[in-house]
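Q: To start, I am sharing the structure in question, which I have written as structure tokens.
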Amino acid sequence: MKLRYFIPMMAAVLTMMVSCSEDFEPTFLDAVRVSQSQVALPASGGSVEVTVNAKDAWTIADIPEWLTVTPAQGQAGETKVTFTAGATTDTKNGTIYINCGDKSQRINVMQVTKKTALPVSTCAEIIAGPDSKTYRAKGVVTRIANTVYGNWYLQDETGEVYIYGTLDKSGKDGQNNSIAAWGIEVGDILTVEGPKTTYNGTVELVNVEVISIEKSLIKVDSLDIANNTLPLEGGEFKASLTNKGNGVNVNIPSDAQSWLHVKGIDINGNATVVTFLADKNEGGDRSATINFTTTDGKKNYSSEATVTQKGAIVEVSVADFLAAEVGTTQYRITGAITELYASDKQGKSFYIQDFSGKTLVYRVEGFIEAGAKVGDIVTVVGQRGAYKDSPQLVSGNFEELKYAVTEVSIAEFLAKENSKTTYYMVTGTVKDLLSSDGKENDYGNLHITDGTNDLYVYGCYPGYGASGDARKGFVKAANIEVGDRLTMIGYKDTYKDVIELCGGIYFSHEKAE
């Protein structure tokens, strides 16, 4: 969400610039360090917070009367110090000193009423520079991430920075649809100005002021497919362009060149139509961002369009799902619900496990309506997502309650009718790790007991869907031993008068005391 934090420098950005002279470069001392050695306050008044890291007690000296500093002294460690000034009609500046032992760290404080132009910094210079400093950048709009808040990417020949928020023409931020207000499009060349911050490793200029816009000479007007989405079968589609440059180049990303091809280009004055051919999609959903470029002989201009092609739903194990890349491909997973995700207040999230692993299913639609519970065998469809590197199935749908599992005692299970489509959850103490013929085995054939009744488990497998060698060796790998309390899911069957729990779905076990 856009308003995830407050940037104290914002008001200052709108009313002033800070000198880039050598006098204002931060200095770093072993005894005391500050997050910024220059503080810019707006003419309308406001506050800026500076972090002080000191190795000993410290005090601040030479505070001008127009400035309030809180606190003005502190102990060793990290301290947040706030610089505050009231409104003014005159430019003010001063230098304060943080004294720590025999060392002093200087901080220059300015409150100006007249804004002067900053020099243009390259993306590389911005990336290497300090946070909280205000920069002016010029580059191409390569991608628009959020039209409401004005989030987009600016790129020059040295790199790329993320623009997190764009002020509208009246200087306001928030949900102001500033992209539409300015008419910003991919390929435009923009000059913007704003303070730098770094968020989760991403370098950003925050709530930038638009200084100038140079419209691209090439623009994608439309694609002749609904919602820019191709059917699974593929086929032809056309991109209509307005091109005021010399010629046009069409660039298909390398990972899409195997299925997306240029069939022809028709140029008629400023109007250009590019015809594409997409192959049939044999896999999951896929997409490609096509780049169109032209030139005026001095500079290159670009525009782009993203097409998506529907694909088949890929049926996978949990392990294969976890190994997939984050993207829009649709996956189908079947397994047992092991627990609900308590952090989801909507109650739509849970963990699903099969023979190969476990993953979080986050806010899947239809889960609550299906009435599924812990232990049930279910099928879900969704995309491979992640939150802070933690994998999860997202944008999903609850497809099927495959088996509603009823929890019963061993005695109750023994009394049930045989049925390969009715599943039960049964818990008992492991009596032995032997087959019905008394032999040791690799498949997890064993007996459980409640102290009165015994039940033969025909296979203890690592989870739903296990087959072949995946059914072997789980009991040993899971360190299941005689005396442990074991919970299994399966259906009832009878073989040579022996009642069996079949299906072999391991749910949990507790070690014997």
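The values are calculated or read from the model by the stated rules, or taken from the named source; none is laboratory data. Treat the numbers as computed from the prediction; the structure is a model and nothing was measured. Every residue, glycine among them, receives a Cβ derived from its backbone with ideal geometry; neighbour counts consider all protein chains shown. These area figures cover heavy atoms from the full protein model, side chains too; ligands, DNA and RNA do not enter into them. Shrake-Rupley method; radii C 1.70, N 1.55, O 1.52, S 1.80 Å.
Q: Where in the stretch 434-513 are there strands (runs of 3 or more DSSP E), lying fully within it, with 2 or more residues that are under 37 Å from the mean Cα position of the chain (by Cα)?
A: It comes to 485-495, 498-510.
Q: Sticking with this structure for a sec: Limited to the stretch 439-455, what total is found for residues that are under 11 Å from residue 474 (Cβ atoms) and open to solvent by 50 Å² or more (accessible area, probe 1.4 Å)?
A: Total meeting the criteria: 2.
Residues checked against (1) on the phi > 0 side of the Ramachandran plot; (2) modelled with pLDDT under 95; (3) open to solvent by less than 40 Å² (accessible area, probe 1.4 Å):
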residue	(1), (2), (3)
341	no, no, no
354	no, no, yes
392	no, no, yes
413	no, no, yes
419	no, no, yes
436	no, yes, no
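Q: Moving on to the next point. Can you say whether residue 25 is under 38 Å from the mean Cα position of the chain (by Cα), modelled with pLDDT under 90 and surrounded by fewer than 14 Cβ atoms within 10 Å (Cβ to Cβ), as far as the supplied structure shows?
A: yes
Q: Moving to a separate point now. What are the residue pairs meeting all of these: first residue in the stretch 102-119, first residue in a strand (DSSP E or B), second residue modelled with pLDDT under 85 and aromatic (Phe, Trp, Tyr), Cβ atoms under 6 Å, and 6 or more apart or on different chains?
A: Short answer, once both residue conditions are applied: 108/24.
Q: Residue 432: open to solvent by 40 Å² or more (accessible area, probe 1.4 Å) and of a type outside the set (Lys, Arg), yes or no?
A: no
Q: Name every residue in the stretch 95-115 that is under 12 Å from residue 39 (Cβ atoms) and open to solvent by 20 Å² or more (accessible area, probe 1.4 Å), in order of residue number.
A: Of everything in the stretch 95-115, those that are under 12 Å from residue 39 (Cβ atoms) and open to solvent by 20 Å² or more (accessible area, probe 1.4 Å) turn out to be 95, 106, 110.
Q: Okay, next question. Let me spell it out: the conditions are (1) of a type in the set (A, V, I, L, M, F, W, C); (2) touching a residue at least 60 places away in the same chain (Cβ under 8 Å); (3) surrounded by 18 or more Cβ atoms within 10 Å (Cβ to Cβ), and residue 470 meets all of them except one. Which number is the exception?
A: Going through (1) of a type in the set (A, V, I, L, M, F, W, C); (2) touching a residue at least 60 places away in the same chain (Cβ under 8 Å); (3) surrounded by 18 or more Cβ atoms within 10 Å (Cβ to Cβ) one by one, residue 470 breaks only (3).
Q: Can you name every residue in the stretch 294-306 that is open to solvent by 30 Å² or more (accessible area, probe 1.4 Å) and either within 15 Å of residue 185 (Cβ to Cβ) or of a type in the set (D, E, K, R) (or both)?
A: Correct list: 296, 298, 299, 304, 306.
Q: While we're on this one: May I ask you to verify whether residue 402 is outside any helix (DSSP H, G or I), touching a His at 6+ places or on another chain (Cβ under 7 Å) and either open to solvent by 50 Å² or more (accessible area, probe 1.4 Å) or under 21 Å from residue 477 (Cβ atoms) (or both)?
A: Here the answer is no, as residue 402 does not meet what is asked.
Residue-by-condition table, conditions (1) within 20 Å of residue 136 (Cα to Cα); (2) at pLDDT 90 or above; (3) open to solvent by less than 40 Å² (accessible area, probe 1.4 Å):
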site: 1; (1), (2), (3): no, no, no
site: 7; (1), (2), (3): yes, no, yes
site: 14; (1), (2), (3): yes, no, no
site: 17; (1), (2), (3): yes, no, yes
site: 29; (1), (2), (3): no, no, no
site: 53; (1), (2), (3): no, yes, no
site: 63; (1), (2), (3): no, yes, no
site: 93; (1), (2), (3): no, no, no
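Q: Let me ask something additional. Does residue 402 count as at pLDDT 95 or above and closer than 30 Å to residue 348 by Cβ?
A: So residue 402 fits the description; yes.
Q: Scanning the stretch 116-142 for residues that are in contact with a Phe, Trp or Tyr (Cβ under 6 Å, 6 or more places away or on another chain) and hydroxyl-bearing (Ser, Thr, Tyr), which turns out surrounded by the fewest Cβ atoms within 10 Å (Cβ to Cβ)?
A: The selected residue is 142.
Q: Kindly evaluate residue 78 against the criterion of being free of Cβ contacts under 8 Å to residues at least 24 places away in the same chain, among the acidic types (Asp, Glu) and open to solvent by 50 Å² or more (accessible area, probe 1.4 Å).
A: It is false that residue 78 is free of Cβ contacts under 8 Å to residues at least 24 places away in the same chain, among the acidic types (Asp, Glu) and open to solvent by 50 Å² or more (accessible area, probe 1.4 Å).
Q: Any idea which residue in the stretch 250-266 is farthest from residue 217 (Cα to Cα), counting only those that are open to solvent by 60 Å² or more (accessible area, probe 1.4 Å) and outside any strand (DSSP E or B)?
A: The qualifying residue farthest from residue 217 (Cα to Cα) is 258.
Q: Does the stretch 267-286 contain any residue that is open to solvent by 70 Å² or more (accessible area, probe 1.4 Å) and under 28 Å from residue 156 (Cα atoms)?
A: Yes - at least one qualifying residue is present in the stretch 267-286.
Q: Here are some conditions: (1) within 15 Å of residue 510 (Cβ to Cβ); (2) free of Cβ contacts under 8 Å to residues at least 24 places away in the same chain. Residue 426 meets all but one. Which one does it not meet?
A: (2)
Q: Give the stretch 484-507 a look and list any residue that's free of Cβ contacts under 8 Å to residues at least 60 places away in the same chain, farther than 19 Å from residue 441 by Cβ and in contact with a strand residue (DSSP E or B) (Cβ under 7 Å, 6 or more places away or on another chain), or say none.
A: 485 - this is the single residue of the stretch 484-507 that is free of Cβ contacts under 8 Å to residues at least 60 places away in the same chain, farther than 19 Å from residue 441 by Cβ and in contact with a strand residue (DSSP E or B) (Cβ under 7 Å, 6 or more places away or on another chain).
Q: Just to be sure before I move on: is residue 342 more than 18 Å from residue 490 (Cα to Cα) and touching a residue at least 12 places away in the same chain (Cβ under 8 Å) in the structure I sent?
A: Criteria not met by residue 342.
Q: Filter the stretch 433-458 down to residues that are touching a strand residue (DSSP E or B) at 6+ places or on another chain (Cβ under 9 Å) and without any contact (Cβ under 8 Å) to a residue 24 or more places away in the chain, then give me how many there are.
A: Selection size over the stretch 433-458: 6.
Q: Only one of these conditions is not met by residue 451: (1) on the phi > 0 side of the Ramachandran plot; (2) touching a Phe, Trp or Tyr at 6+ places or on another chain (Cβ under 9 Å). Which number is it?
A: For residue 451, the exception is condition (2).
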